[in-house]
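Quick notes on the structure that follows.
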Amino acid sequence: MSGLKDKLYEKIEAHRPRVKRLLSEYGDHVVSEVTVQQIIGGMRGIKSLITDISYLDPYEGIRYRGYTLPEVFEKLPKPPGSEMPYVEGLFYLLLTGDIPTDTQVADVVYDSINRRQLPKYVYEVIDAFPNHSHPMVILSAAVMSMQRESMFNLKYQRGMSKMDYWEPTYEDAMNLVAKLPVIGAYIYNKLYNKERIGYQDPTLDFGGNFAFMLGKEKPYDDVSRMYFIIHADHEGGNVSAHTGHLIASSLSDVYYSTSGMINGLAGPLHGLANQEVLRWIQELRTKMGDKLPSHEEMKDFVWKTLNSGQVIPGFGHAVLRKTDPRYQVQREFCLKHLPDDPLFEYVNILYDVVPDILREQGKAKNPWPNVDAHSGVIQWYYGLTQYDYYTVLFSIGRALGVLSNIIWDRALGYPLERPKSITTDMLEQIVGLKK
Ligand code: HAX
């Protein structure tokens, strides 16, 4: 077994008795009540999922395995000469809960490099798509096409003990994580950058090789590492994480589950919001010509969007109640590397005007920006101006968290997910509106 796999097994063995005890001794303990508002309102706030990979505090933001984002960036090992940590190190942390040493990360990088090669048919699947297909559709289909590679599926069909489910799931997840940047880069190059097709550097880490495949110079390797790390996980209930977990709970393998999580991420209220922010800002930029809007002009633009019944993309959140720390990480990068960029100025003006407007409108529970408000600025600056592509970057990052969760779901024997639904008649009876 590899170092990471050994360590993971150790952690799994130590964790299993905790879940067993909770179930056997406290199975009937009441954790929370459910209101009518929550049933009709998309299950907001119902404590009904379990994950140890990350936790989202409404005011503090995300913690990965107990570490805040600034701590993650400070503590994880970095490639020589880089500002941002190895993505492989983050995956180690998400899986095991431990900050890896340099040697432990080097092992994962080496293992991952050996899993990068795509089967030939994946290129053919991608090539079969017309050029105007959305990159998320191509990504989802490319991942799905690899389902035949699943070791979990093979072993399940041959007969396998439930206690061993996690092991082929780990192999599948490692294979898929290593291949995702290659798939993502191939989709980008096929759609927008044909002369770059076929480039890879097997000496480079996850983020470094991604930048190389896209033909981007430094510091884009750090931009990639930063993006994949900040998007990796946001606890269990968001659409992409929950979809991945839900599909996997039926013992569908990681290819089905990851393709499904990508489909969920492709909605404009979730991951696609990063594309929507850029589309929306470019609309204003076109109107403004080269001129930067004044605060008054920006307020006008924001109100027009709201009054036409649309949401302000990149603002609000179902759980967060303050500025998203993932937004802050990107803002700090911009202050250091592109302080005078015009798009950065737009995002800063939006930050100045939108929260007050949303408060005045009085609907959004959280008027502050989320991760997606900032995501396009840096990509655009480094030449990724095809904003339809941004959610693919999000997907590659999010797969790290979703796959870590699925491995642990299998290890802890979490069952098929099956909440109970009721009818409107029943709900009216429960509240006393009907006999
Ligand atoms: N602009 C306008 N109205 C907003 C709003 C925004 N940015 N955020 C919330 N609202 C509205 C909601 O549409 C809702 O209106 P109705 O009562 O008419 O339905 C009301 O305020 C209450 O919503 P909420 O409870 O504050 O927020 P939700 O939990 O229902 O929704 C969303 C959370 C993120 C979907 C929401 O804030 C939104 O639509 N934001 C814009 C899209 C966006 O940025 N999405 C990305 C979120 C981060 C993420 O998941 N990234 O992947």
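One table, with the values for the structure above:
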| item | result |
| --- | --- |
| Carbon plus sulfur fraction of accessible area for the chain, probe 1.4 Å, in percent | 54 |
| Cα-based reach from Lys218 at 28 Å (exclusive), listing lysines while leaving out same-chain residues under 8 positions away | Lys75, Lys78, Lys179, Lys190, Lys194, Lys336 |
| Phi-based couplings in Hz for the stretch 39-49 (Karplus 6.51, -1.76, 1.60; Gly and Pro marked x) | 5, 7, x, x, 6, 3, x, 6, 7, 9, 10 |
| Percentage relative contact order, the chain, counting C-alpha pairs under 8 Å, at least six apart | 22 |
| Amide hydrogen neighbours beyond the local backbone of Met43, cut-off 5 Å, H modeled | none |
| GNM top mover of Gly89, Gly383, Gly309 - the chain, alpha-carbon springs below 10 Å | Gly309 |
| For the chain, calculated [θ]222 nm from helices alone, where every DSSP H run of n ≥ 4 adds -39500 (n - 2.57) | -18500 deg cm²/dmol |
| Anchor Lys162: lysines whose Cα lies under 18 Å away (excluding residues fewer than 8 positions away in-chain) | Lys5, Lys11, Lys20 |
| Cα gyration tensor shape for the stretch 320-435, rounded if a/c is under 1.5, else prolate or oblate | oblate |
| For the stretch 206-211, Karplus couplings with θ = phi - 60° (6.51, -1.76, 1.60), whole Hz, Gly/Pro x | 3, x, x, 5, 4, 4 |
| In the stretch 35-89, trypsin sites (Lys or Arg not before Pro) in a DSSP loop with at most 16 other beta-carbon atoms within 10 Å | Arg44, Lys47 |
| The chain: C-alpha gyration tensor shape, a/c 1.5 cut-off, then a/b vs b/c | oblate |
| Residue-normalised accessible area of the chain, given per residue in Å² at a 1.4 Å probe | 47 |
| Loop-located chymotrypsin sites (Phe, Trp or Tyr not before Pro) in the stretch 1-73 whose Cβ has at most 12 other Cβ within 10 Å (DSSP) | Tyr59 |
| Proximal aspartates and glutamates to Lys322, defined as alpha-carbon separation beneath 16 angstrom and excluding residues fewer than eight positions away on the same chain | Asp57, Glu60, Asp352, Asp356, Asp372 |
| Gaussian network model of the chain, Cα within-10 Å springs - most flexible of Ser257, Ser308, Ser294 | Ser308 |
| Orientation-averaged projected area, Cα convex hull of the stretch 1-134 (nm²) | 14.2 |
| Selection from Met298, Leu8, Ile39 lying farthest towards where the dipole of the chain points positive, charges on Cβ | Ile39 |
| Rounded, prolate or oblate (a/c below 1.5 giving rounded, otherwise prolate when a/b exceeds b/c) for the stretch 17-56 by Cα gyration tensor | oblate |
| Choice from Lys299, Lys420, Lys216 with maximal GNM fluctuation in the chain (Cα, 10 Å cutoff) | Lys420 |
| Derived scalar couplings ³J(HN,Hα) [the stretch 256-268; Karplus, 6.51 cos²θ - 1.76 cosθ + 1.60; whole Hz; x for Gly, Pro] | 4, 5, 6, 4, x, 5, 5, 5, x, 5, 6, x, x |
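The values are calculated or read from the model by the stated rules, or taken from the named source; none is laboratory data. From a predicted model like this one, the values you see are computed outputs, not experimental measurements. A quick note on method: Cβ atoms are made from the backbone with ideal geometry, for glycine too, and the neighbour counts reach across all protein chains shown. The area values use the complete protein model at the heavy-atom level, side chains included, leaving out ligands, DNA and RNA. Shrake-Rupley method; radii C 1.70, N 1.55, O 1.52, S 1.80 Å.
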